[in-house]
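Q: Would you mind keeping the following structure in view while I ask a few things?
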Amino acid sequence: MRQSLFSVIRSVGFGVTLLVALAACSATYTNHGYIPPPEVLSEIGVGSSREQVADVIGAPGSAGVVRDEAWFYTQYRVRSFTYNAPQVIERDIVAISFSTAGRVTNIERFGLEDGQIVQLSRRVTESSVRDIGFLRQILSNFGRINLGDSVGG
């Protein structure tokens, strides 16, 4: 009896450990951002004012996506799986363009399939540090110091 009880506890413990290990390896999903639903977007049309758009939809939440000529609303879903880098699996962008008078000129919707890879420019500023050692640079400046200028005389 005692031996079978120990076997059951050991089997249950192994099962729980296996279940926890499998759960730790499952993917997690997080949602970010907001885009207005299509029924709300239908209330906005070409010619609507910027104030009407703000009343119906609201202004975008981030200052980085608000410009004078367009407002961008973004929503995306990210999948994280174990040690792999997080991956964007869904992305929707609604762009509302405005004229210089503040009227809607265009409403566009973009998805992840519309995205393009943008190569960032890596500009490197040339350093004024030469290939000589740090101590040598410090000591070479001592000959250039004029004590008369620093004393005020």
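The values are calculated or read from the model by the stated rules, or taken from the named source; none is laboratory data. Being a predicted model, the structure only gives us computed values, none of them experimental. Note that each Cβ is placed from the backbone with ideal geometry, even for glycine, and that neighbours are counted across all protein chains shown.
Q: Does VAL40 meet the test of being modelled with pLDDT of 80 or more, among the β-branched types (Val, Ile, Thr), closer than 22 Å to LEU112 by Cα and over 18 Å from the mean Cα position of the chain (by Cα)? Spell out the reasoning first.
A: On the way: modelled with pLDDT of 80 or more: yes; among the β-branched types (Val, Ile, Thr): yes; closer than 22 Å to LEU112 by Cα: yes; over 18 Å from the mean Cα position of the chain (by Cα): yes.
Criteria met by VAL40.
Q: Would you check if VAL118 is over 17 Å from the mean Cα position of the chain (by Cα), modelled with pLDDT under 70 and assigned to a loop (DSSP other than H, G, I, E, B)?
A: Values: over 17 Å from the mean Cα position of the chain (by Cα): no; modelled with pLDDT under 70: yes; assigned to a loop (DSSP other than H, G, I, E, B): yes.
When the stated conditions are applied, VAL118 does not pass them.
Q: Report every pair of residues separated by at least 6 positions or lying on different chains whose Cβ atoms are under 6 Å apart, first residue within region 71-89 and surrounded by 13 or more Cβ atoms within 10 Å (Cβ to Cβ), second polar (S, T, N, Q).
A: ARG77/ASN31; VAL78/THR30; ARG79/GLN87; SER80/THR28
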